[in-house]
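Enquirer: First, the structure itself, so that you have it in front of you.
The values are calculated or read from the model by the stated rules, or taken from the named source; none is laboratory data. Everything numeric here is computed off the predicted structure, so don't read it as measured data. So basically every Cβ, Gly included, is an ideal-geometry build from the backbone, and we count neighbours across all protein chains shown.
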Amino acid sequence: MSSIFFQFLQALLMLLLAPLAAGFISTVKARLQNRHGAGVLQPWRDIRKLFSKEVVLADHASWIFRFAPYVVFTATVIAASVVPALLPDTPLSLTADVIALVALLALARFFLSLAGMDIGTAFGGMGASREMTFSALAEPAMLMSVFVLSLGAHSTNLTTMIHHVLSTPLLIQPSIAFALVAMLMIAVAETGRIPVDNPTTHLELTMIHEAMLLEYSGRHLALMEWASMVKILLFATLIIDLFVPWGLSLDANAAGICLALTLWLLKLSILFVVLAVLETGLAKLRLFEVPQYLGTAFVLSFLGLMIHYMLEVQL
Amino acid sequence: MTRPSRNTWFGERLSDQGIYVQYLDDHHPVHMPCLEIRRLDWAHAAKEAKRLEMRLVAVWAADANKRAGKDASERRLCTYMAFAHPEHRHVLLRTELSAAKPEIPSLSGHYIAACRMERSMQDMFGLNVSNAFDNRLWIKHEHWPEDSHALLRAFDAHTPLRPEPERIGMDYDYVSCDSECVYEIPVGPVHAGIIESGHFRFLAVGEKILNMEERLGYVHKGIERSMQGRTAQDGIALAGRVSGDSTVGHAWAFAQACEYAANLDIPPRASYLRGVLCERERIANHIGDIGAVCNDAAFAFMHGQCLRLREEMARLHQEIFGHRLLMDAVTIGGVASDLSGDMCQKLIRQTLDIAAEVEHLRAIYADAPSIQQRVIGAGIVSVVDAKDLGLLGFVGRASGHYSDERIEEAYPPYDDLIIPVPEGKLGGVSTRVWVRFEEIANASRMVIQLLETLPEGEINTVWQAPEAGVSGFAAIESWRGEIAAWVRFGMDARIDRYFVRDPSVINWLGLELAVRTVPVPDFPLVNKSFNCSYSGNDL
C-alpha cells in the first residue's frame, strides 16, 4: 500500500519539481553571466500563464497537431515515473526497463515530429528533420551506454541495475567512467541543451526542438514546455540512478525517504550547476558537427563495453 | 583653411574617351564635382569608371528643372551616378532624360551593385532602365497601383492601395529551382525578436544553402518624399532617423551636404565634436553587434557583457547629449550642445574604461574554442566579390576592400587624425568581428585624441540657405560604412530633393554571397556579422 503511495508521490514530485529545476538552471546561468535572472519560479509562472491563454490553431492543423501535446506529455510523465527517484522498489519497477524508457521517449518524439510537420510550415519540417536525424544517432548511443552497466547487472531493468550498483563495492571501474561521459553527452543532446540546441533562442533557423513548437500556443504549448522540463529532470535522475545511486531508500519508511529526497536534490543541484557552467562556457556546435558529437558519445559507450569485457569480466 | 581646387581627374579621363563633359556650377563642393554628360554616353562613362577601378557610390534620379514651380508639361527627369576613387575622391555624373520617353541604359553590366538602385529609381520615378537583367519591383511592392511613382511631383500621397483581390497572382518572382531535392524556406518579413522587417527566401539542399534571396522594402516610410519642402534645420531630424542606429552618420552626411551646398564652413570645435559623436556611435554599435554575433552562437556570456557596456555608453550619452542614441546631436552648421571640461573628462574616462573592458572581452572571445569554431570560416565573401560589389565599411575591410571616407575624403576633423585601417582579407564572420574589435580600439583612441585637443571657439555657424537649384554632396564614414547624401535646394530655402545611400544598400548584396554553401542554421550568425539596416535600404 505504502509503496503505491510512494510511487505516486515520486511521479508527482518529478512533475512538480521539473519547472523548478528548469528555473534553477536558468538562474544559475544568469548568475554566471552576472545577471539577476528571472528567478527559480519563472517557469512555473510561464506554465500558469500559458494555461490561462487561449489556444490559437492554424487552419491546416489536423487532429495530430491537437493530439500531440497530450501524447508527448503523457509519454514523458510515464517515463519519468518509471525512473526511481527516491526508492527503487515500487509497483512500477518491473516495468522500469531502460529499453521501454527509450521507447516511451521515442513515442513522444515521434508525435512531436509529426506535429511539427503537420502544420506544413518550413520551420516545423526543418525542426522535425533535424530532430529525427539526431535522435537516430543519440538513441543507439544511449542504449549502448546503458548496456555497459547492464552487462554487470545482467539486466536492463533499472531496479535490478540499481541494486547491482549498490551491492558492488565502491571502486572505480573504467568502463563505467566511459559510460558516464557518454551518458552526460547524450543527456545534453536529448534534452536540447547547449552545445547541441539552444532552448532560449528566438532564431527559427537555428532551432531543433523549439522549431517544432513554434505553432503551439496556450495549454498545448504549456504541456510541450512542461514535458521538456520533465525530460531534463528525467535524464538527470537516470544518470544519478545508474552511476551514483547511493542514498536511494531501499524500503519505504519516512526516515529513509527523507534522506533519499535530500540526497537526490543535492545530486540534482550538482548536476544542474555543472550543466549551467558548461552552457555558459560553450557556444553552440555547428549543425554538421552534431553527428560527430553524438558519434563520439557512441564510441565512448562502445569503448566502455570493450573495456568491461577486457578488464572487468572474470571468466 | 585653403579651399581645395576643382577635381578634374575623372573629367579629363572621360574627355580622353571622347565623352563630352560640362562641370555644373550650381553643385558643390568643387572637390566632388558634378559633370553633365550626354545620355548616350551614360553606359560608356560607367564602363570607363570601371576601367579606372572606381567604385560605384550610387545611382539616383531627380527632377531636372532646377527651379521648382516651372511649367509642369516640360518637366524632365535626370539621373545621377556617383563614383569614388581611393586617390581621386568622388565624382558625380548627371544626364537629362527625354521628357517623352524617360529611359536610361542600365549600369548593372559594369556595376552589379547598380541593379537595386536602378530598380528603386524605376519604382519611384517610373522611368525605364533598359538592358537591365532584373526588372522586378524593388521598393514598390505589389499593393501600389501600377502607375503610381512616389517621387514624381504628380504623385498624390492619398493614392489608395490596390485592394487584396487585385493582388492575387502578382507574387514576386523569386529565384527558384525545379529540383525535387531543393527545399525552399521562406523567412520573414516578420521576424522573431525585435529586428526590422525583411524577407529572405532560401533554397537549401539538406541543410546547405544553395541560394538566398533578399526581398526588402517592407519598411519603406517615404523619407525622400517627406524631406521635400522641409528647410535644412527641419530636415536634419528626419535625416537622423533614416536608420536609428547610425543617426550621427546620417545627420552628419545630411548636414555636410547642406553646408557644402551653402558654401558654409563649420567651426573646428563643431567638427571635432561631430567626430567624437560619430566615433562613440561606432564603438557602441560595434560592441552591441559583437555581443549579438556571439549570442547567435549561444555564447550568451559575451552578449550580456556587451549589452552592459553599450548601456553604459547610452546612459552617458543621455546625460551629456540628451539622447541615448545621440539623435539630434548634430545640427545644421554645427552641433547641438557644447561640452564643458568636466564632461570631456567624463567622456574620456568612460571611453578608456570601455576600451579596456572590450580588450578583456576580446581575450575571452579569442580563447574560447567553441565560439571560434563557429565564427572561423563561416560566411565568407571573397576579395574579388567584395571589390566587384564595392562592399563598404567593416564588411569591405574584412574582405580586402579598404574604402574609408575618413581617409579618402579626409573631411574635418579626420584631416587632423591618423586613421589606421584594419586590413582583413579572409572575409568570414571571424574577420568581420576582428575588424570591429580593431575599430573599437582605433575609435577609442580617436575619441580621446579629439577630446584632448578640442579647439576652443564656437560650436555653430549661422545657416544661410543657398539659392534655388544649388545642390551639395557629402560622403561620411558612419560605423556601417560610407553614407552618401545629395541634397538639392528649391525655392524659399526648402529642400527640393534629398537622396541618401545607406551603406546597407551595397552590403546587403554581400550577405547574399556570404551565405552560399553555408549551413542553414549558420545564417543568423552571418547575418548578424553584417547587420545591415533595413530602414536605411528601404527609406
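Enquirer: Among A:Ala276, A:Ala260, which is away from every other protein chain (no Cβ under 14 Å), surrounded by 15 or more Cβ atoms within 10 Å (Cβ to Cβ) and assigned to a helix (DSSP H, G or I)?
Expert: Values: A:Ala276 fails: away from every other protein chain (no Cβ under 14 Å).
After ruling out the rest, the residue left standing is A:Ala260.
Enquirer: Also, I was wondering about something else. Among the candidates B:Gly472, B:Gly457, which residue alone is in the same structural domain as B:Ser370 (by TED's automatic domain parsing) and either of a type in the set (Lys, Arg) or touching a His at 6+ places or on another chain (Cβ under 6 Å) (or both)?
Expert: B:Gly472
Enquirer: Keeping to the stretch A:228-247, report how many residues are more than 16 Å from A:Ser269 (Cα to Cα) and surrounded by 23 or more Cβ atoms within 10 Å (Cβ to Cβ).
Expert: Qualifying residue count for the region: 1.
Enquirer: Taking the conditions exactly as written (assigned to a strand (DSSP E or B), more than 10 Å from the chain's Cα centre (by Cα), surrounded by fewer than 24 Cβ atoms within 10 Å (Cβ to Cβ) and in contact (Cβ under 8 Å) with a residue 24 or more places away in the chain), does B:Arg497 satisfy them or not?
Expert: When the stated conditions are applied, B:Arg497 passes them.
Enquirer: Sort out which residues of the stretch B:303-320 are touching a residue at least 40 places away in the same chain (Cβ under 8 Å), more than 9 Å from chain A (Cβ to nearest Cβ) and within 22 Å of A:Leu282 (Cβ to Cβ), and write them in order of number. It would help to see each step written out before you state the result.
Expert: To start, the set of residues in the stretch B:303-320 that are touching a residue at least 40 places away in the same chain (Cβ under 8 Å) comprises B:305-306, B:309, B:312-313.
Checking the rest, the ones that are also more than 9 Å from chain A (Cβ to nearest Cβ) come to B:306, B:309, B:312-313.
Within the stretch B:303-320, B:Cys306 is the sole residue that qualifies.
Enquirer: Mind telling me which of the residues B:Leu325, B:Leu273, B:Leu264 ends up being hydrophobic (A, V, I, L, M, F, W, C) and part of a helix (DSSP H, G or I)? Write out each step before concluding.
Expert: Values: B:Leu325 fails: part of a helix (DSSP H, G or I); B:Leu264 fails: part of a helix (DSSP H, G or I).
On inspection, the qualifying residue turns out to be B:Leu273.
Enquirer: Let me ask something additional. Among the residues of the stretch B:87-96, is there at least one that is in a loop (DSSP other than H, G, I, E, B), surrounded by fewer than 20 Cβ atoms within 10 Å (Cβ to Cβ) and touching a strand residue (DSSP E or B) at 6+ places or on another chain (Cβ under 9 Å)?
Expert: No, the stretch B:87-96 has no match at all.
Enquirer: Would you mind telling me which numbered condition in (1) assigned to a helix (DSSP H, G or I); (2) more than 13 Å from chain B (Cβ to nearest Cβ); (3) of a type outside the set (Ser, Thr, Tyr) A:Arg130 fails?
Expert: (2)
Yes/no matrix, rows are residues, columns are (1) touching a residue at least 24 places away in the same chain (Cβ under 8 Å); (2) away from chain A (no Cβ under 14 Å); (3) surrounded by fewer than 19 Cβ atoms within 10 Å (Cβ to Cβ):
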residue	(1), (2), (3)
B:Arg167	yes, yes, yes
B:Ser197	yes, yes, yes
B:Phe200	yes, no, no
B:Ala232	yes, yes, no
B:Gln256	yes, yes, no
B:Glu259	yes, yes, no
B:Asp265	yes, yes, yes
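Enquirer: Here is a further query. Residues of the stretch B:512-530 being surrounded by fewer than 24 Cβ atoms within 10 Å (Cβ to Cβ) and either modelled with pLDDT of 95 or more or more than 14 Å from chain A (Cβ to nearest Cβ) (or both), which ones?
Expert: B:Glu512, B:Leu513, B:Arg516
Enquirer: Could I ask something else about it? Looking at (1) within 14 Å of chain A (Cβ to nearest Cβ); (2) on the phi > 0 side of the Ramachandran plot; (3) surrounded by fewer than 24 Cβ atoms within 10 Å (Cβ to Cβ), which is the one condition that is false for B:His360?
Expert: Going through (1) within 14 Å of chain A (Cβ to nearest Cβ); (2) on the phi > 0 side of the Ramachandran plot; (3) surrounded by fewer than 24 Cβ atoms within 10 Å (Cβ to Cβ) one by one, B:His360 breaks only (2).
Enquirer: From A:Gly127, A:Gly120, which residue is under 20 Å from the mean Cα position of the chain (by Cα) and small (Gly, Ala, Ser)?
Expert: Details: A:Gly120 fails: under 20 Å from the mean Cα position of the chain (by Cα).
One residue alone meets the criteria, A:Gly127.
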